[in-house]
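Structure first, then comments.
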Amino acid sequence: MMMSLVKRPKNDEKAQSAVEMLIVYSWAFIIIAVVVSFVFIVSGSSRQPYDYLSPQCNLQPLLPCPETVLNAPSSNSPMEYRALLENELAPAMAFQSNGFIVSTTDIGVSGVNNFTGNCTPAFALKGDEITCVAAIPGSLVPPIGSQVSVVFTISYRICPSFSLSNCPTAIYKSSGYALQSISTSKSNQYQVALSSTPNSIFVINNQRLVTGQNALLNLGTYPIYVSVPSGYAFQKWSSTANITVASPSSINTTATIIGNSTLTANFIAVP
């Protein structure tokens with residue numbers, strides 16, 4: 001006796017394939033959910049989901065932008081937008097005063113607005129990290145955890161050598177775009193104003209700065225050094241409140257910072 005083969009309808013085959021695919025993806029989602037739950041359990045319930053969101057920052061290939069932060073305001077300071085850059089563009093870069101322009105929408109105040117800031121150090125050698133900061137005043141604050149987009153422009157001069165005096169006068173501009181979640185401030189950075197007569201070069205926490213610039217540093221202790229101008233000898237370090245120098249008479253020592261302050265290198269003329 002011959003058995004007749006019954007051909008299954010194509011619709012049934014498609015339905016079975018869809019069910020099998022749904023089962024496979026269901027298991028995948030279950031595994032992902034278990035892993036995510038385990039991460040939150042291990043890391044503790046105090047962390048919020050937006051702590052895990054990485055910012056996306058695009059500038060140009062030779063001026064990497066690995067990090068941007070839009071800090072929520074504290075009781076005595078406005079919101080602050082920070083962009084961390086790395087100089088891979090030239091032997092040295094000189095950043096213009098008030099050359100960090102941040103454009104936002106409905107942040108601080110309603111509508112599209114520009115806010116001005118500065119980049120530190122203002123003279124950065126190749127490989128140096130640069131921190132650009134702009135304050136955003138106003139009462140319109142995005143909710144913690146919400147995503148915001150920011151457009152910013154940086155003005156600078158390209159220096160073919162390692163001397164600020166040899167920088168051409170041509171000014172270049174690079175525009176960037178960043179997308180991230182607003183978060184509470186993860187660190188407190190303070191300004192240390194650098195002073196000396198005559199002008200000199202300071203090295204603080206491996207940052208090269210010159211007289212009149214501000215170092216942006218977190219609370220902590222950092223190595224400090226200053227170069228001695230020709231015709232002078234180093235005398236001592238002096239400072240205002242919120243900074244303590246370990247060995248004021250030593251040109252190469254450390255300083256402990258607890259707030260905004262001024263650090264002065266004192267020289268005496270030699271015959």
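The values are calculated or read from the model by the stated rules, or taken from the named source; none is laboratory data. Computed from a prediction, not measured in an experiment: that's the story for all the values here. Cβ sites come from the backbone with ideal geometry, for glycine too, and all protein chains shown count toward neighbours.
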Restricting the search to the stretch 188-222, which residues are aromatic (Phe, Trp, Tyr) and either more than 18 Å from Phe162 (Cβ to Cβ) or not in a strand (DSSP E or B) (or both)?
Tyr190, Tyr222
When you go through Ser238, Ser247, Ser174 one by one, which is the residue that is among the polar types (S, T, N, Q) and free of Cβ contacts under 8 Å to residues at least 12 places away in the same chain?
Ser247
Out of the stretch 218-238, which residues are more than 27 Å from the chain's Cα centre (by Cα) and of a type outside the set (Lys, Arg)?
Ser227, Val228, Pro229, Ser230, Gly231, Tyr232, Ala233, Phe234, Gln235, Trp237, Ser238
Would you check if Phe95 is aromatic (Phe, Trp, Tyr), under 30 Å from Ser165 (Cβ atoms) and touching a residue at least 12 places away in the same chain (Cβ under 8 Å)?
yes
Give me a count of the residues in the stretch 153-171 that are farther than 21 Å from Pro66 by Cβ and of a type in the set (Phe, Trp, Tyr).
1
Among the residues of the stretch 239-253, write down those that are exposed (fewer than 14 other Cβ atoms within 10 Å of the Cβ) and either not in a loop (DSSP other than H, G, I, E, B) or not assigned by TED's automatic domain parsing to the domain that holds Leu216 (or both).
Asn252
Can you name every residue in the stretch 176-221 that is at pLDDT 85 or above and among the β-branched types (Val, Ile, Thr)?
Val192, Thr197, Ile201, Val203, Ile204, Val210, Thr211, Thr221
Out of Leu85, Leu63, report the one residue that is closer than 16 Å to Arg157 by Cβ, surrounded by fewer than 21 Cβ atoms within 10 Å (Cβ to Cβ) and either of a type outside the set (Val, Ile, Thr) or assigned by TED's automatic domain parsing to the domain that holds Thr153 (or both).
Leu63
